[in-house]
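Rule-based calculations on the coordinates, nothing more; no lab input. All figures in this text were calculated on a predicted structure; none of them were measured in a lab. Neighbour counts are summed over all protein chains in view; Cβ atoms, including those assigned to glycine, are modelled from backbone coordinates with ideal geometry.
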Amino acid sequence: MHIIFQDTQYVDVVAGEVLYHKDIEIKDGKIAAIAGAHTLKGAEIIDGRDLLLVPGFVNAHTHLGMSYFRNYADDMDLNTWLTKAIWPLEAHLTRDDIYWASMLSMAEGILSGTTTFCDMYYHMDMVAQAAVAIGMRGLLTRGLTDSDGQGDEKLEEVRMLYINSHGLGDDLVEVAPAPHAIYTCSGDYIKDIIRLTGELDGVLHTHLSESKKEMEDAEALYGTTPIRYMWNLGLDQVRTIAAHCVHMTEEEMDLVDPEKFFPVHNPSSNLKLASGIAPVQKMMDKGLTVALGTDGDSSNNNQNMLEEMHLAGLLAKGVSYDPEALKAEDVLRMATINGAKALGRDFEIGSIEVGKLADISCFNLNSPSFTPRNNLISALCYSAQAEDVKHVLIGGKFVLKDRKLIRVDLDDIREEVERKFQQLIDRKELSDAINGDL
Ligand SMILES: CSC[C@H]1O[C@@H](n2cnc3c(O)ncnc32)[C@H](O)[C@@H]1O
Ligand SMILES: [Zn+2]
């Protein structure tokens with residue numbers, strides 16, 4: 001595909017500025033040139049005057065397969081939500097269920113400007129198939145626990161997943177291990193996972209320091225904080241994508257290596273599950289690169305990174321009484337280049353630069369949220385809506401054009417998800433009845 005966005009504007013997220021009247025040429029999946037006005041024969045020419053080109057968002061922590069549980073189990077704290085509502089249902093999920101739920105989450109993501117995700121769930125080979133089908137980029141991490149005595153089998157599953165899916169879809173898909181949390185993995189198992197991470201690509205994804213309960217339990221069981229505990233188990237040896245980090249201490253911010261430890265801010269989920277508010281500005285002041293993520297559809301309850309950006313910006317100001325805390329350009333970096341760094345792919349995604357992959361979201365500047373055309377970076381953080389995302393390209397290919405998904409049919413996905421959810425509930429009720437739980 002050879003595309004030129006003519007006379008357009010784009011965001012340079014690294015400099016934190018908008019550049020105007022540029023022709024952006026996309027060829028062989030990459031950004032081939034950014035220049036002044038010129039024309040090239042044979043290319044698809046798109047009038048870019050009313051578009052703002054933004055690097056596709058990187059949703060650095062999610063559970064795509066959880067979309068069945070949207071608006072199903074709300075107004076609970078993390079522990080009650082997981083143990084009483086979510087885990088009993090997840091036990092009945094099939095491989096097909098995960099394919100369709102993930103597909104729906106990916107569609108939601110693309111429709112709101114996301115091009116890359118970092119997912120943690122089960123049956124990740126099905127998530128890989130969905131990603132390739134819809135054309136989305138992702139780091140697929142199998143969530144690991146050993147409390148059921150099947151920890152070793154799951155490690156083998158990660159090895160097989162890596163062999164079969166890493167690099168799939170012309171490198172759309174990458175694979176990594178994911179210890180779910182310190183309260184679902186034994187210390188020895190975490191050591192095994194860190195060892196496996198070293199054998200693979202050296203990146204690990206986990207939940208860390210999410211709730212007060214996790215902090216109190218770590219203190220009672222191990223006499224330390226969750227991050228210090230993981231550190232003592234060998235976390236310093238790998239690159240870590242650490243979701244939540246709501247209760248990360250200043251001592252831990254000094255302890256971790258900013259080149260290897262990447263906290264992911266999940267403001268909606270942390271508020272909804274009453275976990276708290278992560279000290280994001282403090283982390284950044286300490287030199288950490290903080291990424292942004294939605295978490296799953298049951299704790300958020302959507303996959304819209306624009307909402308996460310908005311919330312991240314407002315929360316930082318509200319908790320600090322400092323209007324300059326986490327400015328719009330900082331928030332935009334969190335949603336793009338910082339996520340790319342966390343995933344280890346900043347050499348190819350996360351910003352609009354010549355030579356990088358063309359993962360680009362095009363916002364419609366003729367929408368109310370961008371009117372009048374004042375500070376466009378502010379608009380992205382404070383007023384933009386998902387409906388403003390007009391086109392999305394991943395690897396130089398349209399996956400959304402004029403707000404229509406190109407490779408999949410959204411109505412088919414919705415219908416399949418409705419049907420599968422009903423079947424899931426039926427299976428759960430039958431099993432409860434057999435076990436005498438009803
Ligand atoms: C083992 S696969 C992933 C596992 O994580 C659960 N989950 C979803 N959101 C959260 C969260 O905020 N904290 C901890 N665990 C979470 C999900 O339901 C899966 O069981
Ligand atoms: Zn999570």
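Structure above, values below:
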read-out: Per-selection Rg to Rh, the stretch 174-283 - Cα, Kirkwood hydrodynamic radius; value: 0.94
read-out: For His2, residues with placed amide H under 5 Å, excluding near neighbours; value: Glu44
read-out: Footprinting exposure proxy for Lys428, Lys356 (fewest neighbouring C-beta atoms within 10 Å first); value: Lys428, Lys356
read-out: Counted charge near Ala274, where neighbours are those whose Cβ lies closer than 10 Å (Asp, Glu -1; Lys, Arg +1); value: 0
read-out: Residues of type lysines that Lys212 reaches as a straight line, Cα spacing below 22 Å, ignoring anything fewer than 8 places off in the same chain; value: Lys84, Lys272, Lys282
read-out: Centroid-to-centroid separation of the stretch 147-225 and the stretch 372-438 [C-alpha atoms, Å]; value: 27
read-out: When the stretch 57-342 is reduced to its Cα atoms, the Kirkwood hydrodynamic radius in Å; value: 18.6
read-out: Additional length obtainable on full extension of the chain from Thr371 to Arg159, 0.36 nm per residue less Cα span; value: 71.3 nm
read-out: Sites Lys213 and Ala133 - FRET efficiency at Förster radius 45 Å, r taken between beta-carbons, to 0.05; value: 0.70
read-out: Stokes-Einstein diffusion coefficient of the stretch 1-84, Kirkwood radius over Cα pairs, 4 °C, 1.567 mPa s, in µm²/s; value: 80
read-out: Sum of side-chain charges, Ser369 neighbourhood, beta-carbon under 9 Å (Lys, Arg +1; Asp, Glu -1); value: -2
read-out: Under the Karplus curve 6.51 cos²θ - 1.76 cosθ + 1.60, θ = phi - 60°, whole-Hz ³J(HN,Hα) for the stretch 156-170, x wherever Gly or Pro sits; value: 5, 4, 5, 4, 5, 4, 4, 4, 8, 10, 5, x, 4, x, 6
read-out: Size of charge dipole - the chain - debye, nearest 20, with Cβ of Lys, Arg +1 and Asp, Glu -1, no other charges; value: 960
read-out: Residue exposure sequence - Trp100, Trp87 - by fewest surrounding Cβ within 10 Å; value: Trp87, Trp100
read-out: FRET efficiency for Glu199 and Asn79, using Cβ-Cβ distance with R0 set to 35 Å, rounded to 0.05; value: 0.60
read-out: Note, ³J(HN,Hα) from phi for the stretch 208-213, Karplus 6.51, -1.76, 1.60, rounded to Hz, x at Gly and Pro; value: 9, 6, 7, 10, 5, 4
read-out: Cut-off under 5 Å, modelled amide H: who pairs with Arg137 long-range; value: Phe117
read-out: Radius 12 Å from Cβ of Tyr99, net charge of other residues (Lys, Arg +1; Asp, Glu -1); value: -2
read-out: Fully extended contour minus Cα-Cα distance, from Thr224 to Asp148, at 0.36 nm per residue; value: 24.8 nm
read-out: Between 0 and 90°, nearest 10: helix 95-111 axis offset from the chain longest Cα axis; value: 40
read-out: Cα Rg over Rh - the stretch 271-401, Kirkwood; value: 0.96
read-out: Amide H contacts under 5 Å for Ile352, placed H, 5+ residues apart; value: Val13
read-out: Which listed pairs, of Lys30/Lys286; Lys154/Lys260; Lys191/Lys428; Lys41/Lys397; Lys356/Lys397, have C-alpha distances above 23 Å, in listed order; value: Lys30/Lys286; Lys154/Lys260; Lys191/Lys428
